[in-house]
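Everything below concerns the one structure shown next.
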Amino acid sequence: MITFKNVSKQYDETIAVNALNFTIEKGEFFVLIGPSGCGKTTTLKMINRLIPLTNGAITINEKKISEYQIDELRWNIGYVLQQIALFPHMTIEENIAIVPELKQWSKEKIHHRVTELLDMVGLDPDTYRNRKPNELSGGEQQRVGVIRALAADPEIILMDEPFSALDPLSREKLQEDIIHLQQSIKKTIVFVTHDMKEAVKLADRIALMNQGEIIQLGTPEELINHP
Ligand code: ADP
Ligand code: ADP
């Protein structure tokens, strides 16, 4: 469970996020949506301490994020960006194994995990594990980005417009993948988008942001029926 208590972020004179109060439940697919500049990315990056808060507190499982060891926090929170930055000189397996290796998993455990993850998103493990990122299409690289974030079994996954750079077909395929993934792994996902269709398709609940504030919060049905 992630709780925002009176959270604000100010950059110089810009108030990016203003007094946010809300809770994301364990296992929930939570979508932050709103126009460019409304504070979505700032809200997301505060959760794993990529951006420090100006005011208020964020807690994860009732403990303030400032009280976690930074490694503990980052290892427990997967992060997927719009432009997946896979390391070009490393194979797909090596890319996926970065956090498991930091956590000193055994070679066998890592090999098994990589197989399982590639299978999950429909990439044949024998074909793909030893390829380099530039031998994969954009959609395939993005899929690897998603499973890399899941590799060490984090409790929370943050996704910042993870599909917006993709063509419509790859995008739909990945949206389906992520729905299936969520049904099987039951992680807490915080997902940023500016695409309402995508939000409605994926979300358990949607927070609609504008100018640093949440102006509506509810299930997709609630938002559609009571706009
Ligand atoms: P969104 O993700 O919704 O596009 P952001 O969280 O990126 O919004 O930005 C919210 C506001 O904060 C915008 O006005 C943006 O220009 C500003 N902002 C974001 N990051 C910085 C920064 N590092 N320094 C100054 N202003 C920033
Ligand atoms: P997104 O569109 O994905 O929200 P942005 O383009 O807003 O991303 O921001 C990209 C990076 O630039 C972020 O690290 C953000 O903190 C920084 N940034 C955004 N707006 C500003 C700004 N007005 N001044 C300085 N840095 C900014």
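The values are calculated or read from the model by the stated rules, or taken from the named source; none is laboratory data. Quick caveat: nothing in here was measured; it's all calculated off a predicted structure. Virtual Cβ from ideal backbone geometry, glycine too; neighbours counted across all protein chains shown. Keep in mind that these areas ignore ligands, DNA and RNA; they rest on the heavy atoms of the full protein, side chains included. Shrake-Rupley method; radii C 1.70, N 1.55, O 1.52, S 1.80 Å.
Classify the stretch 58-103 as rounded, prolate or oblate from the Cα gyration tensor: take a ≥ b ≥ c as the square roots of its eigenvalues, call it rounded if a/c is under 1.5, otherwise prolate when a/b beats b/c and oblate if not. Cα axes put the stretch 58-103 in the prolate bin.
Extending 7 Å from Cα along the Cβ direction at ASP119 and again at LEU102 yields two label points whose distance is 2.7 nm.
What accessible area per residue comes out for the stretch 1-85, rounded to a whole number of Å², with a 1.4 Å probe? Mind dumping the intermediate values first?
Values: 4190 Å² over 85 residues.
On a per-residue basis, 49 Å².
Inter-label distance, GLU25 to GLN69: 3.3 nm, where each label sits 7 Å from its Cα along the C-beta direction.
How much net charge surrounds LEU174 when only the other residues with a Cβ under 15 Å from the Cβ of LEU174 are counted, with Lys and Arg +1 and Asp and Glu -1? Mind dumping the intermediate values first?
Details: positive: ARG143, ARG148, ARG171, LYS173, LYS197, LYS201; negative: GLU140, ASP160, GLU161, ASP167, GLU172, GLU176, ASP177, ASP195, GLU198.
Value of the local net charge: -3.
Using a ≥ b ≥ c from the Cα gyration tensor of the stretch 171-211 (square roots of the eigenvalues), is it rounded, prolate or oblate, where a/c under 1.5 gives rounded and otherwise the larger of a/b and b/c decides, a/b for prolate? Here the stretch 171-211 falls in the oblate category. Give the carbon-plus-sulfur fraction of the accessible surface of the stretch 27-119 in %, rounded to a whole number; probe 1.4 Å, heavy atoms of protein chains only. Of all accessible area on the stretch 27-119, carbon and sulfur atoms account for 51 percent.
If every alpha-carbon in the chain counts as one equal scatterer, what log10 I(q)/I(0) does Debye give at q = 0.08, 0.12 1/Å? One equal scatterer on each Cα of the chain leads to -0.29, -0.66.
Cα centroids of the stretch 57-83 and the stretch 150-227: 19 Å apart.
Students often get this wrong, so check it: of LYS107/LYS173; LYS40/LYS64; LYS5/LYS45; LYS5/LYS64, which have C-alpha atoms separated by over 19 Å?
Numbers: LYS107/LYS173 31 Å; LYS40/LYS64 21 Å; LYS5/LYS45 16 Å; LYS5/LYS64 10 Å.
Violating the 19 Å limit, Cα to Cα: LYS107/LYS173; LYS40/LYS64.
Please say if the stretch 66-181 is rounded, prolate or oblate, where rounded means a/c under 1.5 for a ≥ b ≥ c the square roots of the C-alpha gyration tensor eigenvalues, and otherwise the choice is prolate for a/b larger than b/c and oblate otherwise? Note, shape of the stretch 66-181 comes out oblate.
Of the accessible area of the stretch 170-226, computed with a 1.4 Å probe over protein heavy atoms only, carbon and sulfur atoms account for 48 percent.
Projecting the Cα atoms of ILE215, SER137, ALA57 onto the charge dipole of the chain, computed from C-beta unit charges around the Cα centre, puts ALA57 farthest toward the positive end.
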